[in-house]
Every structure is written in structure tokens, then in C-alpha cells.
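Notes for the one structure printed next.
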Amino acid sequence: MNAIQKRTFRFLVDRFKLQESLCSRLWWAHVFSSHAYGQDGLQRVPGNNEPCSKRSTHSWSRHRYGIVPHSSPNRLYPSLTCPLRRHTSRHYSDSDSNTNNGNGEKNISTLFIPVPVKTTFNPDDINIGEELGASLKDKKAELLKVLNSFYRRKEIQRLAAENGLDELLFHQAFVSFRKYIVEVESLEPDLHIILSDILVGAGHVDDIFPYFMRHARQVFPALDCMDDLRKISDLTDPAQWYPDARAVKRKIIFHAGPTNSGKTYHALERFCTAKSGVYCGPLKLLANEVHMKTNDKGIMCDLVTGEERRYANPEGIPASHVACTVEMTNVNQPYEVAIIDEIQMLRDPSRGWAWTRAFLGVAAEEIHLCGEEAAVKLVQQLAESTGDEMEVRRYKRLTSLKILDEPLGCLENVRPGDCIVAFNKNDLYSISRQLEAMGKECAVIYGSLPPGTKLGQARKFNDPDDPCKIMVATDAIGMGLNLSIKRVIFNSLIRPIINEKGEKEMDRLSTSQALQIAGRAGRFGTQFEEGEVTTFLASDLPMLKEILACSVDNIEAGGLHPTAEQIELFAYHLPEATLSNLIDIFVNLSKVDNNYFVCNVDDFKFLADMIQHIPLHLRARYVFCCAPINKKHPFICTMFLKFARQYSRNEPMTYDWFCRQIGWPLSVPKNIRDLMHLEAVHDVMDLYLWMSYRFMDMFPDTAIVHGIQRELDDIIQEGVVNITKLIRATESRSPNGVASLPDDEIERKKRTGKSADLKNKSKSKASGTRNQAQSDGSSDEETNGDKLDQGKLGSVSGRLSKELIKQGLLSEDVLDQLHREWRSSGMGGVKGNKGGGGGRKKKKKK
């Protein structure tokens, strides 16, 4: 016999055995029916002759392949044995098909993306199904009726749910199954024969179920490995991820106290006397400061950040002491002393995982934690889980901090040593402009400035011989800078925050944040030994006192983040899933205890989706998505994409290529937009350097890029020194005479509808003003502008405007900007009024 004849013969033998076993299977069905069902056809509960109200989900099993006795394996269809046995097993818990994670936050089934089932068709192969049964090509309508009947059966839906298919997955799997049956050129022989039998009345639609489940497991591979996925994403004992740390008998010393209490100073004293040590700080500025001060004492100390490696030894030999950012903590290197600064940051929704990792993983004999009292209880619980000894040392503030009873009121009342804190750049620019108009020079610090520029502005402000005696800053001054501030003035107590879901919303300043910022006043060792804090508006002063009087809530949990190894294991089980999808499934399946939470991964997923179309190995893709970039800036995102594309092509990003992409050399900024672009270019250089320490062969020119970044830092610093001139230049270039400064804050208020309400209210007032102008016979555009300015004043006195300004959500300058933008966009005309067009059209007629 040839190969085709042998294959046909084997199939006929299997078919004969199948029919021969039908008698025994029907006998099992009869036994099952006689014991479990009465003559009325209703299921009986064992030990009770009362009928159940619902027909058993086992009713389908009285057909052809219904009951597979546990004593006889399913030789014909071994792949179907598992789902059938799981169906009959009572040990299969409902939690296995539960579609929610432990927190009940999201339906896990929405994250499973159907995988297209690949079929191979060789026209030279004999269609054995057609040889043994009837052809199905001309019976698609009948097939669809059979399949739809199968889909509608409640018994099938219950069985599918028991096998891990909830309503959504069942529907998606059925759609794929139906499409497969209707469109495939040649069905598997067993499925072909089953369908043929059903069409001629020799079978039942329930017989399709095993084949449907086989197809569903191809469409959703996770169904076969849910237990493995849950095991991988079990984060209940992260301390065991670090065996080197668990092998060391560690002593934890917690230095608890407010800002300016000397807690970090005492920890650093021990750091300098140790044979080896690591300092883990929240910012590059702090790590650099420790690096410099330690070397100044004659102790060789290296600097390690995401973007920089600076060795104390000129030959590049690693020193025994290291100052690093907390994300760069080496958990494989043993130390005598480790310092983890600002330990309360382990509650941070985005970066908290880095502090948790450093605390659990650093292999040091003595670990000094510096931070707020609020973190003590959680750290004690974590220390108990790791078996570490713990000691708490509490500190009090070295200088006094007084809450004033009088607000600033107006900028004319500022005095040397004042720092005005604003929470968005527009307010910062506006305040700087007004101070400059009054002849008062000020230093400016905000988060997106390069570290060198921040230090330059801080030196300028601290220098007693420099005429700059006032600072305008965002909350970026809260950490990393030593400033000689006498009085901190909060321009507003409302600031944008990222909630637990990763969404941006407006909320009042927390007690912890307020204390961190206010504590910058009256620093020990500066010319101002006593600090003061107040608000700009009188209405905010009671709220500030209330905030500062509150005790800081204890931190309840520390952050965790999926590691590259865990995601690689997920990818092994789900090879068709995207990285973003893998992260989603991991987070939703993850299980943590009360001491931990999974950090927000929205930024990671954003980058993963951005480069999904670029062919990269999973580990490289994961590293790219960990890059610290500002996803809101188009230029930075564009360069990130270019880096990924060049990497995928195995084309190194040389200095010449990089300079062409960023347009180097760059000139001094002429307006605010130029300054913002230079800041973005500086971030791109940071990104290049960050990548260069992870893909050295693809980003080879690290030293040269470091050099031009220092040059760019000087250019930006020159621009910031003349920031008021840049603001004036921006205003003069703006078509409506107002600096159009892109700010996330304005966009956020527009999204939440607050600006829309204000816009509608002001629009109605402006409309009334325009009507009055028309009735007076005035059609000149300048007159309309004057009327609108008066309308603006009336709008400011309105209830909504007052409330927004009171809460710090809006300033009068921003309101003025909105009015002018509305007027320039045509909303300032007399559109719709009797007599024709607005002021602009009438002026043209003139």
C-alpha cells in the first residue's frame, strides 16, 4: 500500500473502533441517566430523590462522546481528555475562570487578544473527511444553522465557562470557530465526520463541543497555561527575589524626621567611615552632591546614574563607595553600609518599585534609611518579613518654621530671600515677567530644566553678592537643592496629581508635599536660621494652616514592578501577545499582599505601543520601554522612535548621525518656544546616554555626546537668565499679543470642562458687550477690544471665575490670555447679530 492508502486504512480502523465503543459509552450514559435522572428527566441530587429545577450540565454527555470514563483514556482524541475531565472534576474551582484580578479592577478576559488560527492546505492531499463522509462545500447554510444552534445552547455556555471561557471569550472563540469551519479548504477528518453526521440527523450539536474547545485553546493560548501565568505573576513574597540580601544578616537604621533635621547628614557620616558603601538617592542632583562631597573628603566615590558613569579613579577602576540614583542600585554587590534616601518614596505610584527593590535587595550589613516618620511602620513590617534587625532614630527640625498670619497679597510685598512656588509654568512665567517689570531680578527653577541649569540658578540665588534675591520655582525645589530661602510663598495650594489609576487630576497639596516644600525655608547653615511660610492669596492661608497641622498618614504599601525575566516567562506562554498586552495581563493577574502594590505602568505601555511595529527582541523592547522620557513632547517621542528603528536595523547611532537628527549646533533661544525645544533636545541627549550604557555597541559616542550636552546646558542656562526677555519676545511674536505658552495644566482644565464652563460664561458676557457696542453704532475693532477687556474684568468678578482664581486653578493672566484668544479666533466679533459680520469685517469695509 502507498502512503495515502495506509493513512486511509488507519483512519477507517479508528473509525470502526469509535463506532464499536459507542455501545459501551451509551451504556455508561444509561447508568448515569438512571442514577442521576428520574423518569421525569430531571436531575436528582445524590442522597435525595427530589428533582433539581435545572437540567444538568452533563445532559450533553448522553450523546456520542459524552462520558469518558476515568478508567479508560481517550485514545482517539488525547488532546480532548483534559477539558472533559476538568468538566467532570469537582476540584476545579470557580476562581480558575474568574475574570477579575485580586483587586477586582479589570475584567481579565478583555485583555486576551484572539490569535488567528493558522491552517495549512496542500491541494495534493486527499480530503479524507470527504472520502468517508459527504462534502460540506455546498452546505454552508446548513452548517451555519447547526453552529448557531450550538452557540445558543445554555448547556454549552455553562460548559465553556467551566473551561475558562466567560461570555466574551466564548463569543470571540465561537466567531473564530465558525469562520474556520466555513472558510477552511479541508477540515480535520474527525470534525468533518461529526458535522456530516449532525447534518444527516445522526449526531447532536453538543458533539461539537470538544472540537470547539480545541479551537478555543488555539485562539486563546492562555487557557492552557493560566495556572503557570498566575504562578509567574505571584508577587506575594518579593523578598525572596534577592537571595544575596537574604544571606546577609542586615541591620536597618531608620533616620526619621522632617526636612532640615540632619537625618541624611548623620547617615552620610557613617557612610564615609565605612570600608565600602552605596548611597541611593531620588535625584541625579543628590547623587552628584554626595559624589562630590565624599571625594572632597579624600574618599574615592564613583557616580552612577541612568545617564552617567563617573569614576573617581582616572583609570576607571571601581571605587569602594558609590553614589547612585535609586533605580541604579546594584543588588548583586556586597557593601558594609547602604543609604536609601527619601525612603517614603516607596509609596510613589510610578517610581515606588525602585525604593522597594533597593530596600529588599541591597546586600549590606548596615542599611540607613532616611525619610518621613510615616514610613516607619511599613518598613518595620517589611523588616519582619526579611528577618532583619531594625532601629529607629528620630530627629527634630534644626531651625524653626513659622506659618505667617498674613498672605503676600501682591508682588510689591516680596522681599529678599522669598521663594514663590507655582505649580505650572504659565504662572511661573507670568510671575517672573511681573517681577522683572518692577525691576526685581529673580531666579527660576522648574522640573524640566537640566541639572546644571538648576544648580546655576541656585548658586545665583544663594550668592549674597548677586542682585538676584527672589526665586520663582515649581515643586522641583522640594528635593536636591540647598537654597538660602527665608520665606516660602505658595502661589496656589491646588496642583495636578497622578491618581492610583494613572489619571491626572487636580487636588490640593498633601501634608507631606506641603511640608517638603515649606521645609526649604530657614535651612540650617544658611543666612536665614528661621523659616517662614505663607500664601499669595488670603483665602488660601486657612487651608495652608490646616494642611500643615495635619499629621502625615502612615504609608500602607510599597511599589513593585514586573521584571524583564517575569515578562519573558509570560511571553514564552503567550508568544503572539504584544509587550503592552503582556504587561496588562501580568498586572491584572498579579497577586500581592497588603504590604505591596503594583506600580502604574501606563508610561511603559505607551512606549511599548509606540514601537510595537518595529521588529525587536523582547529583552531589547523591554529595555527601550523602561527609558525615562517625557512622552508628552513630540520631538522626544520622534527621536525615541528613530532610536528603536535604527537599533532594529543594526545601524549604530553615531555622533554624526545624532547631530543631524537634533540639528546641532544650536543657538541661544530667542523666545520661550525655543527654550522649550532646547530642553527637549537636552532630554534626547539624556536618552542617548541612557541607551549607551545598555546598548554600548549601538550608541558608541557616549563621551562626545556628554560634551555637547554640557555645551547645551550652558546655552539653556543663558536663556533662563534672560527668561523675561524670552517672554517678551514670545508675546511680541504671538498674533494676539500674548505669550502662547503650551502648558499641560491648561489642557487638563480644558479636558475636565472647567475652562469650558468659564469660556461659556465669559462668552455670554462678551456677547452682551458686543450687542451694546453695536447699538451704540460702534463697529471699530479697537472699540470691541476695549469692551471685551471691560467684559474680562466683569468676568473676573463672576462667581465661577472667582472660585477658579481662589483655588489657584486659574490666574488673571491666563484668563486674559483666554479672552484674547477667543477674540482673535472670531468669538470677539458680533457674529450672528443683525447688521452683518463682526468688527473685523466692518473694519475691512471701512
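The values are calculated or read from the model by the stated rules, or taken from the named source; none is laboratory data. Not measured: the values here are computed from a predicted model. Cβ: placed from backbone, ideal geometry, glycine included. Neighbour counts: every protein chain shown.
Among the residues of region 389-407, those that are surrounded by 13 or more Cβ atoms within 10 Å (Cβ to Cβ) and within 18 Å of E546 (Cα to Cα) comprise L401, K402, I403, L404, P407. Would you confirm whether or not region 513-525 contains a residue that is aromatic (F, W, Y) and either surrounded by fewer than 13 Cβ atoms within 10 Å (Cβ to Cβ) or at pLDDT below 95 (or both)? Yes, because at least one residue in region 513-525 is aromatic (F, W, Y) and either surrounded by fewer than 13 Cβ atoms within 10 Å (Cβ to Cβ) or at pLDDT below 95 (or both).
Considering (1) in contact (Cβ under 8 Å) with a residue 24 or more places away in the chain; (2) in contact with a helix residue (DSSP H, G or I) (Cβ under 6 Å, 6 or more places away or on another chain); (3) farther than 28 Å from I567 by Cα, the lone condition that A239 does not fulfil carries the number (3). Out of I517, I489, one residue alone is closer than 22 Å to Q457 by Cα and part of a helix (DSSP H, G or I). It is I517. Selection within region 618-665: residues that are of a type in the set (F, W, Y), in contact (Cβ under 8 Å) with a residue 12 or more places away in the chain and outside any loop (DSSP other than H, G, I, E, B). The member of this set that is nearest to P450 (Cα to Cα) is F635. Checking A354, A358, A375, A338 one by one, the residue that is of a type in the set (G, A, S) and either surrounded by fewer than 23 Cβ atoms within 10 Å (Cβ to Cβ) or farther than 29 Å from F695 by Cβ (or both) is A375 and no other. Only a single item in (1) without any contact (Cβ under 8 Å) to a residue 40 or more places away in the chain; (2) loosely packed, with under 15 Cβ neighbours inside 10 Å; (3) over 26 Å from the mean Cα position of the chain (by Cα) is not met by K231, and it is number (3).
Of L537, L544, all but one fail to be over 33 Å from the mean Cα position of the chain (by Cα), within 20 Å of L408 (Cα to Cα) and buried (at least 16 other Cβ atoms within 10 Å of the Cβ); the exception is L537.
For every residue, the table says whether it meets (1) at pLDDT below 95; (2) of a type in the set (F, W, Y); (3) more than 27 Å from A443 (Cβ to Cβ); (4) crowded, with 20+ Cβ neighbours inside 10 Å.
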{"site": "M696", "(1), (2), (3), (4)": "no, no, yes, no"}
{"site": "F699", "(1), (2), (3), (4)": "no, yes, yes, yes"}
{"site": "E711", "(1), (2), (3), (4)": "no, no, no, no"}
{"site": "Q717", "(1), (2), (3), (4)": "yes, no, no, no"}
{"site": "T724", "(1), (2), (3), (4)": "yes, no, no, no"}
{"site": "S732", "(1), (2), (3), (4)": "yes, no, no, no"}
{"site": "V738", "(1), (2), (3), (4)": "yes, no, no, no"}
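Looking only at region 269-285, residues that are under 12 Å from I339 (Cα atoms), crowded, with 19+ Cβ neighbours inside 10 Å and of a type outside the set (G, A, S) come to 5 in all. Just one residue in the set L187, L159, L195, L165 is under 21 Å from P575 (Cα atoms) and in the same structural domain as D138 (by TED's automatic domain parsing); that residue is L165.
Here region 308-335 is the region considered, the condition is being touching a residue at least 60 places away in the same chain (Cβ under 8 Å) and not acidic (D, E), and the residue that is surrounded by the most Cβ atoms within 10 Å (Cβ to Cβ) is Y335. Residue under question is E556, and the condition is that it be touching a residue at least 60 places away in the same chain (Cβ under 8 Å) and assigned to a loop (DSSP other than H, G, I, E, B); does it hold? Taking the combined requirement at face value, the residue satisfies it. Got a number for residues in region 319-340 being more than 17 Å from F271 (Cα to Cα) and either modelled with pLDDT under 95 or part of a strand (DSSP E or B) (or both)? Looking only at that region, the number is 0. Looking across region 447-466, just one residue is without any contact (Cβ under 8 Å) to a residue 60 or more places away in the chain, under 18 Å from I431 (Cβ atoms) and outside any helix (DSSP H, G or I), and that is G447.
Check region 575-595 and report whether any residue there is surrounded by fewer than 17 Cβ atoms within 10 Å (Cβ to Cβ), of a type outside the set (D, E), part of a loop (DSSP other than H, G, I, E, B) and under 14 Å from the mean Cα position of the chain (by Cα). There is no residue in region 575-595 that is surrounded by fewer than 17 Cβ atoms within 10 Å (Cβ to Cβ), of a type outside the set (D, E), part of a loop (DSSP other than H, G, I, E, B) and under 14 Å from the mean Cα position of the chain (by Cα).
Elements of the type strands (runs of 3 or more DSSP E) sitting completely within region 341-437 and holding at least 3 residues that are farther than 22 Å from A518 by Cα: these cover 364-371, 389-394.
Considering (1) touching a residue at least 12 places away in the same chain (Cβ under 8 Å); (2) among the small types (G, A, S); (3) within 24 Å of K725 (Cα to Cα), the lone condition that S484 does not fulfil carries the number (3).
Might you let me know whether region 560-572 holds any residue that is on the phi < 0 side of the Ramachandran plot, crowded, with 20+ Cβ neighbours inside 10 Å and either assigned to a loop (DSSP other than H, G, I, E, B) or not hydrophobic (A, V, I, L, M, F, W, C) (or both)? Scanning region 560-572 turns up at least one residue that is on the phi < 0 side of the Ramachandran plot, crowded, with 20+ Cβ neighbours inside 10 Å and either assigned to a loop (DSSP other than H, G, I, E, B) or not hydrophobic (A, V, I, L, M, F, W, C) (or both).
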